[in-house]
Structure formats: C-alpha cells, structure tokens
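First the structure, in the form of structure tokens, and then the observations on it.
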Amino acid sequence: RALNPALRGAFDAALHCERDAAVEPRTAQLALRAELLKSPNYTFLPGREVREVTGAGTVRDDHGEVHAADAVVLCTGAWLGGLVRELAGPDLPVRRVRLQMMQTDPLGEPLPTSVADADSFRYYPAYASPALDELNACSPQPETAATHRMQLLMVQRADGGLTIGDTHEYEHPFAFDTVEEPYEHLAGVVESLLGRPLPRVRRRWAGVYAQCTDPSRVVHRQQVADGVWLVTGPGGRGMTCSPAIAETTADELDW
C-alpha cells in the first residue's frame with residue numbers, strides 16, 4: 001500500500017515488480033515512426049498487403065509493386081491465412097485469440113504500478129504449482145472469470161484513465177459483439193482493490209491477436225522461403241515486447 005496508495009481496498013498480499021513499465025499505445029508507435037523517418041534508410045508504406053513472395057528477398061504487394069531486399073520479415077499479427085498459410089503450411093503453431101477490454105475516465109489520482117489479480121496465476125501456465133492448486137481449492141475462481149478465461153490487468157494511461165482487461169476466447173468463429181458480464185466482473189474486482197467506485201467507462205473494445213500454442217515460446221520465427229522469415233504469435237506481449245522481438249530477430253537472421 002505504501003508503494004501504491006491508490007490501493008485502499010481489500011487484498012491479502014501482493015508482489016511488486018520494480019522493473020515493470022507501461023507503454024502508451026496511442027503515442028508510442030507514432031513516436032517510433034517519427035524517429036525512424038529521420039533516417040533515409042526507412043520508408044513507411046501504409047495501406048498495403050503482401051500478396052506474393054516472388055523470389056529471394058522479393059515480395060509483391062496488392063498495388064502490384066515489387067519490393068526487393070536483403071531480407072524480408074513478414075510480421076503478420078493476427079493474419080494467419082492466405083499467404084501465411086501458403087508459405088508456412090497448415091500446421092503453424094500459432095492460434096488467434098480474441099479479447100475484450102475497456103478504458104475509463106481519469107482516476108483523479110496516480111496509480112503508480114500496473115495491477116493484476118490472482119487470476120493471472122490461473123491463466124499463465126508458468127504458475128502451475130501445488131500452491132496454485134491450494135489457492136483454487138480454498139478460493140475457487142468466479143464462474144464468469146472461469147468461463148471467459150479472465151484475468152485482471154490494469155494500468156493507468158497518460159491522461160489518468162485506466163485500461164482494464166481482459167478475456168480470452170479461442171473458439172472460431174469469434175463473436176462479432178461484446179458481452180457485458182466480463183466487464184461487470186472486472187469493474188467489481190477493480191473497485192474491491194481500489195476501495196472506491198470505478199470512474200465512468202469511456203471505451204469498450206474487442207481485439208484479436210496471434211499467440212504461440214507452445215507457452216514456453218515468446219514468439220514464432222520461421223524461415224518460409226529463401227531470404228524470407230515469418231515472425232508472429234507474441235500474444236498479449238506484442239505491444240510491449242516488439243522492440244526486443246525485433247532486435248532478437250535481426251540478430252538471428254541467416255543473412
């Protein structure tokens with residue numbers, strides 16, 4: 001509570017990560033692009049889709065233009081069909097995951113740390129242990145959280161609002177709409193930790209990302225053609241870990 005005075009509610013214990021940091025998604029990507037544009041070696045061509053790998057290090061986009069390079073890295077996000085399936089085959093060890101999240105009005109006070117709840121221990125396979133079994137036995141996961149494979153993840157944005165999530169859905173086809181029960185559950189958990197009502201919810205959204213099916217892997221890298229690599233499947237880590245993934249990928253390429 002001394003490290004995060006905004007947590008005035010009820011909880012038994014907490015773990016503090018001194019190295020935790022937050023990325024502001026609405027500004028970070030624009031800032032990175034602005035910095036890259038200072039280099040004559042960087043060109044940004046938005047609104048295009050790679051349609052064909054035409055040769056070693058060469059691709060054709062849906063505008064009919066051909067781009068040649070020493071190396072091509074396809075960072076396809078949640079797009080796993082079409083060209084990706086043609087190049088990587090049907091057994092790509094990556095799945096699509098749909099989530100629901102929300103963002104509130106400003107909290108009115110600092111939330112110095114990111115906040116997660118015990119459902120994070122239940123969601124991530126790395127935490128499987130006798131201690132987790134004991135937790136589940138003495139304090140079962142609420143039905144809504146179990147049904148939607150939920151965990152609380154909360155971080156304060158630059159404007160003071162809170163980004164709060166999330167659910168996990170794996171069965172295709174994904175629903176086109178959002179459901180309210182997970183939002184009600186998350187609001188209740190947040191209010192119990194903060195010890196105060198949640199600010200007005202400003203935005204709700206659903207998204208889809210690609211996740212490696214092997215939980216021990218951060219990302220899936222695969223050479224799919226001569227001079228062409230596919231990098232996908234970082235899961236929910238993509239926003240914060242992408243610079244490190246890019247650096248490691250560049251180091252591992254077989255030029």
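Available extension along the chain between Asp105 and Cys17 is 29.1 nm, counting 0.36 nm per residue and deducting the alpha carbon span. Each of (1) 48, 40, 39; (2) 64, 50, 26; (3) 60, 40, 35 is a candidate for Cα extents along the principal axes in Å; the one calculated from this structure is (3). Within the range 4-55, the GluC sites (Glu not before Pro) that combine a DSSP coil assignment with at most 13 other C-beta atoms in a 10 angstrom radius are Glu18, Glu49.
Taking R0 as 30 Å, what FRET efficiency do you get between Ser216 and Arg51 from their Cβ-Cβ distance, rounded to the nearest 0.05? Given R0 = 30 Å and the Cβ-Cβ separation, E is 0.35.
Accessible area ranking (1.4 Å probe, heavy atoms, ligands and nucleic acids excluded), largest first, for Asp214, Asp12: Asp12, Asp214.
Using a ≥ b ≥ c from the Cα gyration tensor of the range 1-117 (square roots of the eigenvalues), is it rounded, prolate or oblate, where a/c under 1.5 gives rounded and otherwise the larger of a/b and b/c decides, a/b for prolate? The shape class here is prolate. Stretching Thr249 away from Val208 to a fully extended chain increases their span by 12.5 nm, per 0.36 nm per residue minus the current alpha-carbon distance. Annotation for Arg33 and Phe176: the two label points, set 7 Å from Cα along the Cα-Cβ direction, are 2.8 nm apart.
Our analysis of the range 127-166 gives Rg over Rh at 1.15, with the two radii drawn from alpha carbon positions and Rh computed by the Kirkwood formula.
Overall, the anisotropy analysis places the range 95-137 in the oblate class: the square-rooted eigenvalues a ≥ b ≥ c of its C-alpha gyration tensor yield a/c not less than 1.5, with a/b not exceeding b/c. As a calculated quantity, the FRET efficiency between Arg1 and Asp70 at R0 = 35 Å, using C-beta atoms, amounts to about 0.05. Considering only alpha-carbon pairs that sit under 8 angstrom and 6 or more positions apart, the relative contact order computed for the chain is 28 percent. In terms of accessible area, using a 1.4 Å probe and ignoring ligands and nucleic acids, Asp20, Asp166 rank largest first as Asp20, Asp166. Among Met101, Met239, the sequence by solvent-accessible area, most first, with a 1.4 Å probe is Met239, Met101.
Excluding ligands, DNA and RNA, the accessible surface per residue across the range 174-234 is 51 Å² with a 1.4 Å probe.
Only protein atoms count toward the accessible area here, which uses a 1.4 Å probe; on the chain, the carbon and sulfur part of that area reaches 54 percent.
Ligands, DNA and RNA are left out, and with a 1.4 angstrom probe the accessible area of the range 1-155 is 64 Å² per residue.
The values are calculated or read from the model by the stated rules, or taken from the named source; none is laboratory data. As the structure is a computational prediction, the values presented were derived from the model and not from experiment. Heads up, the Cβs are rebuilt from the backbone with ideal geometry, glycines too, and the neighbour counts pull from every protein chain shown. Calculation scope for accessible area: heavy atoms of the full protein, side chains included, ligands and nucleic acids excluded. Shrake-Rupley method; radii C 1.70, N 1.55, O 1.52, S 1.80 Å.
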